[in-house]
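Take a look at the structure set out below.
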Amino acid sequence: MKNNIWVIKLGGRLLLHNTWVESLMKVIKLLINKDKLIIIVHGGGPQADDVQKKMGIPIKKINGRRITDVDALFVVKMVYAGSVNKDLVAKALKHQILAVGISGVDAKLAQVTKRPKKLVVNQATGATEKVDFGYVGDVLTINKDMLEYLLRGKYVPVIACLGVDGKGQIFNINADSLATAIACQIGASNLIFITDVNGILKQKGSTKYFQRLTLKQAKKMIVGKKITDGMIPKIENVEVALKSGIENVHIVGALQTYSQWSDALIKQTYGTVIYGENYEG
Ligand code: ADP
Ligand code: MG
């Protein structure tokens, strides 16, 4: 089974665009026909924001990261494991992909522990604050037996980024971190983050992106503030993935056509490939 497993993480903003998702599904079907075993992990941040607004629940964020208080948790459970997950499964089924929608809660797929309070420089105020992110979990273990069971049955797990702790409390998880933990523990050959930018941009706001980057270069970009916001946890997870033996991690943006998607995923001709050359660690 090893060496054949591809973990594909889909960002929430990408999922708002029907045509992108449709053409991506066609390529996933192609990969399945080539005997790849696919695991999809997804976020749903913008969709949760939308529902919070509709329900009049204030959105609390620091540096673009959600503070998941009890009301926000109520929303992310229903949005991630509910509407976003089922819509994605339905789109996969339309392309004859045998998708099974679950979350990290099911069969304790992702056992987590509450993220400890963190010192954060608030980009809005410049002040350093100790932030409690609320019900946000860090992954401890993955139930890979359950995933392997599904993969053996030729099912495609579609996993919403929630997890559960030992006491039965549900937590929100960063979807990049969940995808990475799954890829590492199941021994995936490929880890792909599909996001809303074309790759790692040379500067924020620029359209030019790197095709290949070492982890060392990417980490320097974080220090130099050329990589910020949601791209930071991606790079942190790239490091975890490379350390665990995944050869490279591919960060790619949404593409319009089937042939672009297929070139992107199979030939890595779009997006940024981060690899471990010169990696010291
Ligand atoms: P996702 O839902 O895919 O996880 P995120 O918003 O968490 O998306 O992360 C992607 C975002 O990272 C981009 O939309 C962009 O605003 C931000 N970002 C910051 N620095 C960079 C960079 N150098 N290159 C690309 N994206 C960057
Ligand atoms: Mg993100």
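The values are calculated or read from the model by the stated rules, or taken from the named source; none is laboratory data. Just so it is clear, the structure is predicted and the values come from calculations on it, not from any experiment. Don't worry about glycine lacking a Cβ; one is built from the backbone with ideal geometry, like all the others, and counts go over all protein chains shown.
Which of (1) within 19 Å of the chain's Cα centre (by Cα); (2) more than 16 Å from ligand 2 (Cβ to nearest atom); (3) aromatic (Phe, Trp, Tyr) is the odd one out, the single condition Phe74 does not satisfy?
(1)
Please find, among Gln123, Gln185, the residue that is touching a residue at least 12 places away in the same chain (Cβ under 8 Å) and part of a loop (DSSP other than H, G, I, E, B). Break it down into steps so the answer makes sense when it comes.
Numbers: Gln185 fails: part of a loop (DSSP other than H, G, I, E, B).
Exactly one of Gln123, Gln185 is touching a residue at least 12 places away in the same chain (Cβ under 8 Å) and part of a loop (DSSP other than H, G, I, E, B), namely Gln123.
Within segment 231-254, take every residue that is of a type in the set (D, E, K, R) and not in a loop (DSSP other than H, G, I, E, B) and give me the one that is farthest from ligand 2 (Cβ to nearest atom). Reasoning before the result, please.
Residues of segment 231-254 of a type in the set (D, E, K, R): 234, 236, 239, 243, 247.
Those left that are additionally not in a loop (DSSP other than H, G, I, E, B): 234, 236, 239, 243.
On the way: Lys234: 7, Glu236: 11, Glu239: 16, Lys243: 20 Å.
For segment 231-254, the residue satisfying everything is Lys243.
Given the residues Arg65, Arg13, which is the only one that is within 15 Å of ligand 2 (Cβ to nearest atom), within 21 Å of Ala254 (Cα to Cα), surrounded by 14 or more Cβ atoms within 10 Å (Cβ to Cβ) and modelled with pLDDT under 95?
Working: Arg65 fails: within 21 Å of Ala254 (Cα to Cα).
Among Arg65, Arg13, only Arg13 is within 15 Å of ligand 2 (Cβ to nearest atom), within 21 Å of Ala254 (Cα to Cα), surrounded by 14 or more Cβ atoms within 10 Å (Cβ to Cβ) and modelled with pLDDT under 95.
Just to be sure before I move on: is Gly43 touching a residue at least 60 places away in the same chain (Cβ under 8 Å), touching a Leu at 6+ places or on another chain (Cβ under 9 Å), surrounded by 16 or more Cβ atoms within 10 Å (Cβ to Cβ) and closer than 24 Å to Lys114 by Cα in the structure I sent?
It is true that Gly43 is touching a residue at least 60 places away in the same chain (Cβ under 8 Å), touching a Leu at 6+ places or on another chain (Cβ under 9 Å), surrounded by 16 or more Cβ atoms within 10 Å (Cβ to Cβ) and closer than 24 Å to Lys114 by Cα.
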